[in-house]
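In what follows, a structure is listed as C-alpha cells, so that the remarks can point back to it.
The values are calculated or read from the model by the stated rules, or taken from the named source; none is laboratory data. Owing to the predicted nature of the structure, the values given are computational and were not obtained by experimental measurement. When we count neighbours, we look across all protein chains shown, and the Cβ atoms used for this are built from the backbone with ideal geometry, even at glycine. For accessibility, only protein heavy atoms count, side chains too; no ligands or nucleic acids. Shrake-Rupley method; radii C 1.70, N 1.55, O 1.52, S 1.80 Å.
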Amino acid sequence: MCPNRDLFTTYESIGGGVVLMGNNAACKVIGKGTVRIKMHDSMVRTLTDVRHAPDLKKNLISLGTLESLGCKYSGEGGVLKVSHGALVIIKACRYSTLYNLLGSTVTDAAAISTSDKSNSDIIKLWHMRLGHISQKGLSILSKRDLLCGQSTRNMELCEHCVFGSRIKGTLDYIHLDLWGPSRTPSKGCAMYMLTFIDDYSRKV
C-alpha cells in the first residue's frame, strides 16, 4: 500500500474500498497499480496490485501477500530477508518494531537494468557479491583486471557496512555464500563452492 500517487509506474482508479489498519482505523483506497523499487542488490523489481491509500503515513508491504505469491521470509539479527527460490529479492533492517526496506522507488520510465548500470552501481554490486570487501580490496582486483574493466574511484558509501560495523573480534560474525551447481565439475568432481568470510578480519 502506498499513499503517494507519484510513486506509481502504472495506475488505475478504483471505485471505493477500504483497508483496516492494526488499530481498526479504515484507510480509503482510491486506486491501484505498480510500483518499481531499486532493491539492495541494485536490481529493479516491480510490485503489482499496490493499493493507493492517501491517508497512510508510510508505504507498507504485506509479507502475507508475498508469501501467497510463493515467497519465503526469515528474520535474524535485525535483518529481514524475503526470498523467492534461492534468490533473496528483498532485505529490510529493523528500526524499533518495524522493518525498513533497503531500497528506493524508481519513478522514471527508463529504470536501471542489469545491463545498463552506472559504474558506481556495478562497483557496489561487486562490493556486496564479495562479502562487502573493502575499497582497497576492490582496487587490487580492478588493477588485476578482474572487475570487467570497472573503476573503483567512485564507490559510494555502503550503509550496510556502516550499520553492521559493530563487530569487535574474529568469529563474531561470519558471511557464508554457496555457489553452484557449476556447469563444469572441478578436477575433484565438485559442483559447488562454499565461502566463509570473517567480518572482523576479512579472512576468507
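Brief remarks on what is shown
- Carbon-plus-sulfur accessible fraction, the chain (probe radius 1.4 Å, protein heavy atoms only): 54%.
- The chain - Rg and Dmax from Cα coordinates, angstrom: 20.2, 64
- Other-chain or far-sequence residues with amide H under 5 Å of I89's (modelled H): V82, S83, H84
- Net charge, G16 excluded, C-beta distance under 13 Å - Lys, Arg +1, Asp, Glu -1: +3
- Loop chymotrypsin sites (Phe, Trp or Tyr not before Pro), segment 1-105, which have at most 16 other Cβ atoms in a 10 Å radius of their Cβ (DSSP): none
- Note on segment 25-76: with charges restricted to the Cβ of Lys and Arg (+1) and Asp and Glu (-1), its dipole about the Cα centre is near 240 debye.
- Å² of accessible area per residue within the chain, as computed with a 1.4 Å probe and no ligands counted: 68
- Loop sites by DSSP among the trypsin sites (Lys or Arg not before Pro) of the chain, restricted to those with at most 15 other Cβ atoms within 10 angstrom, leave 59-143 as the longest stretch without any of them.
- Positive-end residue of L66, S139, T46, charge dipole of the chain with Cβ unit charges: S139
- Residue order for L66, L101 - accessible surface, 1.4 angstrom probe, largest first: L101, L66
- Among the listed pairs K81/K124; K72/K136; K72/K168, those beyond 27 Å (Cα-Cα): K72/K136; K72/K168
- Estimated from the Cβ-Cβ distance and a Förster radius of 25 angstrom, the FRET efficiency linking S134 and E67 is about 0.10.
- Taking the Cα centre of the chain as origin and assigning +1 to Lys and Arg Cβ atoms and -1 to Asp and Glu Cβ atoms, the resulting dipole is close to 340 debye.
- Folded to 0 to 90 degrees: helix 119-129 orientation relative to the chain principal axis, Cα: 70
- Taking the charge dipole of the chain about its Cα centre, with +1 at Lys and Arg Cβ atoms and -1 at Asp and Glu Cβ atoms, the residue from H127, A190, M21 reaching farthest to the positive side is A190.
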